[in-house]
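Read the structure below first, then the notes.
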Amino acid sequence: MKQLEKFIKNYPVNIELKVQWGDMDAFNHVNNVMYFRYFESARLAYFERIGVMDKSNKNSVAPILAETSCRYRLPLNYPDVILVGARVIENHSHGFLMEYAIYSHTHKCVSSIGTGRIVMLDYKTHEKVAVNKSTLKLIEELSPINPRF
C-alpha cells in the first residue's frame, strides 16, 4: 500500500482506467500506443483541473503536445485496473514539462513513466506564447515542482 500512497501523493491529478482486452497486442500485453492514450487522458484531466480547457475555448491560445516519451518498466495485461497520474515537473517560458505515471493494481507498482512537453500556442499566429500567470499559479498550487517518483 505504501507504493500506492506515494503515487497518489506525488501525482495530484490521477484517473482510474480499466485495461481493456482490445488494448493488448498479439504478444498478449498492452500495446505501446495505449500508454500514450492513457497519458493523454491524464493530461486532459490535468488541463481541466487547472482550467486550461476553459481558457482555450475563449481565446486562440491552447496547449499543444510538442514532445512525448515513455519508459516501460513492466508490461500491463488484461484484466487490470490502473491509475494514471499527471503532474508538472518543470516550468518553461512558453510551456511546461509534464510527467505521467501508470500504477498497476494487479502488480501493485508503477509500470511506466512518461513525459510530455507542453507548449502554449496561439492558433491565429501559429506562434508560441508565454504561459499566463494565473495558469502558472494554479500549476504551482496543484503540484509544487518536486523530485521525480
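No lab work stands behind these numbers, since they all come straight from the coordinates. It should be emphasised that the depicted structure is a prediction, and the values quoted were computed from it without experimental measurement. Here the Cβ is made from the backbone with ideal geometry for all residues, glycine too, and neighbour counts use every protein chain on show.
Close amide H contacts of T106 (hydrogens built in the peptide plane, cut-off under 5 Å, sequence separation of 5 or more or a different chain): V81. Rounded if a/c is under 1.5, else prolate if a/b beats b/c, else oblate: with a ≥ b ≥ c from the C-alpha gyration tensor eigenvalues square-rooted, which is the range 2-142? Since a/c reaches 1.5 and a/b is larger than b/c, the shape of the range 2-142 is classed as prolate. Peptide packing: for 22-30, 111-119, the average count of neighbouring Cβ atoms within 10 Å per residue gives the ranking 111-119, 22-30, highest mean first.
What dipole magnitude, in Debye to the nearest 20, does the chain give about its Cα centre under +1 on Lys/Arg Cβ and -1 on Asp/Glu Cβ?
That gives a dipole near 300 debye.
Karplus-derived 3J(HN,Hα) values for the range 14-29, using 6.51 cos²θ - 1.76 cosθ + 1.60 with θ = phi - 60°, are 9, 10, 9, 10, 8, 6, 8, 3, x, 6, 8, 10, 5, 9, 6, 9 Hz; glycine and proline are entered as x. For R71, project a label point 7 Å along Cα to C-beta. Then give me every residue of the range 92-124 with its amide nitrogen under 17 Å of that point. Of the residues in the range 92-124, 97-104, 109-117 have backbone N under 17 Å from the label point off R71. Comparing Cα centroids, the range 99-136 and the range 46-90 end up 5 angstrom apart.
Residues whose amide H comes within less than 5 Å of that of L121, counting only those at least five positions distant or on another chain, are A62, I64, V129 (H built at 1.01 Å from N in the peptide plane).
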